[in-house]
1. With springs connecting C-alpha atoms under 10 Å apart, model the chain as a Gaussian network and identify which of Ile72, Ile239, Ile180 has the largest mean-square fluctuation.
2. When DSSP assigns beta bridges and you keep just the ones with both residues in the chain, what percent turn out antiparallel, to the nearest 5?
3. Kindly provide log₁₀ I(q)/I(0) values, in the same order as q = 0.12, 0.13, 0.15, 0.17 Å⁻¹, from the Debye equation applied to equal alpha-carbon scatterers of segment 47-195.
4. Hey, in the GNM for the chain with a 10 angstrom Cα cutoff, which one of Ala223, Ala117, Ala199 fluctuates hardest?
5. Provide Rg over Rh for segment 1-82; use the alpha carbon set for both Rg and the Kirkwood Rh (inverse mean inverse pair distance).
6. Using DSSP loop states and a limit of at most 16 other Cβ atoms within 10 Å to flag GluC sites (Glu not before Pro), what is the longest stretch of the chain containing no flagged site?
7. Just want to confirm a number: the relative contact order over the chain, from Cα pairs under 8 angstrom separated by 6+ residues, in percent.
8. Taking other Cβ within 10 Å of each residue's Cβ, how do Phe27, Phe172 sort, fewest first?
Amino acid sequence: MAFMKSKVIVVKGKDPYQMIEKGLKFFNEPHEKNVVLKPNLIVDEAPPTTTPYETIEALVKYYLEIGYKVTIAEGSGWCDTYHAYEKLGYFKITNNYGVKLIDLNKDKYEIRENHNALFLKKFEFPLTLKDAYIISAPILKEHSITKVTLSLKNMLGATLGEKARVAKKGRFHKSLDESIVDINSYIKPSLAVIDGRIAGIESELKAKRKEIGVMIFSNDLVAADAVGASYLGYDPISISHLKLAQDIGLGICDLDKIEIVNL
């Protein structure tokens, strides 16, 4: 039997609205009625440290126009989530389109268990994400510990926060790569949309700009991150959480087994 490759769509350009339109046409419309958009707003620093609000606005417009309920959800690790929403322009989206902004740090939750998990045998699953079509929509960015922070690592923000002013996700750093994989196994995002128009390099909290001019789309988040990592100059196999994710069957990080469609 022939091996089915994971497919990754790479749209080149600068306009997020046009790029979102092009990229999402390759994917079936969600079966779920609620679409939850998870940007990377780890802190209140402007892009490319964080996901530009225009990218999330483009996704909001796309899904509202085809009849879906849309929610934006984040749990910032290094500042108050609503402060990040306000400072980074996300209140414009809720004012213009009526979508809710949720702070996942304080969300209601249910306990889920997986005895086969690598590290997190129990997980507090935020109820905002339950029965939703979840889109991980990070910026294309480097990270000092994990080399890259893309669609998989972005989901660390989709968790309850600790009662601390900063480092609200510190508990996951005890076994970071394994935590990234476990969280994605529990939450199972449906789609990655990685904004690599202007990538963030050298720091995850105060990133420097590097113009790359792409957006990356895939329903295999591991494959999306593998392609994203390659744009940042990394061999995806060398990135521990991507290799772990592939090993347990979450997706493909071997570029030879990924079909890349360039638009």
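1. Greatest mean-square fluctuation among the candidates belongs to Ile239.
2. 50
3. One equal scatterer on each Cα of segment 47-195 leads to -0.48, -0.57, -0.77, -1.01.
4. Ala117
5. 1.03
6. Longest gap between qualifying sites, sites excluded: 33-161.
7. Averaging sequence separation for qualifying contacts and normalising by length gives 25 percent for the chain.
8. Ranking Phe27, Phe172 by Cβ neighbours within 10 Å, fewest first, gives Phe27, Phe172.
Only the coordinates and a few stated rules stand behind these numbers; no lab work does. Just so we're clear, the structure is a prediction, and the values are computed from it rather than from any experiment. Neighbour counts are summed over all protein chains in view; Cβ atoms, including those assigned to glycine, are modelled from backbone coordinates with ideal geometry.
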